[in-house]
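Note sheet for the following structure.
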Amino acid sequence: MKKNLLLSLGTGVLLSLSFPPLEIGFLAYFALIPFFILLEDKNYKEAIRWGYLTGLFMNIGTLYWINWATVPGAIGAIIYLPIYFLLYALIHTFLRKRLGEKYLYICIPFLWTGIEFLRSLGVLGFPWNSLAYTQSYYLSLIQYVSFTSVYGVSFWVATLNVIILLIIKNHANFRKVVTYFIVLILLLLIPWLYGAWVLPNQASFVIMTKISAPLLIKFRTNSAKSDSKQIITGTKKWSLCKLSLCDTAISLALSGTLKETIFFPGEKLPSPNSRLSKKSFNKGNVSVNGTLSPNGTRCILW
């Protein structure tokens, strides 16, 4: 019982720490392993119990912020969403009993991604806790997302978990360990090489985050190698400050100070009909969808 609880809690904590704003998304590469080990010898009843509990731990750590908008909504989401962990655990156990471990490992990435897709559907759809979002800070590793969507990244993260688990389980077999380790390296190297090819050589990013006060913009200019920082203080409400921050960042992009600009506002930027868009975007110097403009400036809305 104690071991099961620790394994369940381990996955919940590791997954919670993998998501932004913490920049340690690499924890997701092995966060599911305790959960997989937990399910190895469970019957259906036990899989339901531990699947739900693991999902509960994870959702408590990732969905607490809903409480800032609505306490009942936060409680409802935290109680409801672990059902998908329960469903995964149930199907995982079924496949283990029917197919055996050898073929189960092949199925795991497909099953995990399928459950994530299912969770995004319907009136109660909730896609924001997908494994893909743990990789938000690793832009060079996830550029293939333009072809696969976020589910491709989730599939990739789930596959990394499977490969690392196989390395652990076959630690006494040198040949298998070397084989799985080579596969692991390739799974990391190929996306990175593609990202290095797709992204500009000297990408410059603007990261807008609401810390509290003051608000911080980080950016890299064309001429400076080190990051520059601009602090914007004020007593305005966040919605107004956000607009001010966007104005400032876009002005820097339009002036050529920033070679490439990516906004992470935490909320959607103003619509194309807003004052901000009319003021900045209609000048034709900055493109909205990532296409390079004539002066080489690129503006990506996140």
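No lab work stands behind these numbers, since they all come straight from the coordinates. Everything numeric in this text was worked out from a predicted model, so none of it was measured. For neighbour counting, all protein chains shown are included, and Cβ atoms are generated from backbone atoms with ideal geometry for every residue, glycine included.
For the pair residue 174 and residue 1, a Förster radius of 30 Å applied to the C-beta separation gives a FRET efficiency near 0.25, rounded to the nearest 0.05.
Summary value for segment 1-45: 41 percent relative contact order, contacts being C-alpha pairs under 8 angstrom separated by 6+ residues. Note on residue 69 and residue 188: the extension gain reaches 39.1 nm, defined as 0.36 nm multiplied by sequence separation minus the Cα-Cα distance.
Charged side chains reduced to their Cβ positions (Lys and Arg at +1, Asp and Glu at -1) give segment 1-110 a dipole of some 400 debye around its Cα centre. Round to the nearest 0.05 the FRET efficiency obtained for residue 137 and residue 9 when R0 = 35 Å and r is the Cβ-Cβ distance. The formula returns an efficiency of 0.90 here. Between residue 80 and residue 181, the distance separating the two model label sites (each 7 Å from Cα on the Cα→Cβ line) works out to 4.7 nm.
The alpha carbon centroids of segment 120-156 and segment 161-183 are separated by 26 Å.
Using the Karplus relation 6.51 cos²θ - 1.76 cosθ + 1.60 with θ = phi - 60°, the per-residue 3J(HN,Hα) values for segment 121-137 come to 8, x, 4, 9, x, 9, x, 6, 9, 5, 4, 4, 6, 5, 9, 4, 8 Hz, with x marking Gly and Pro.
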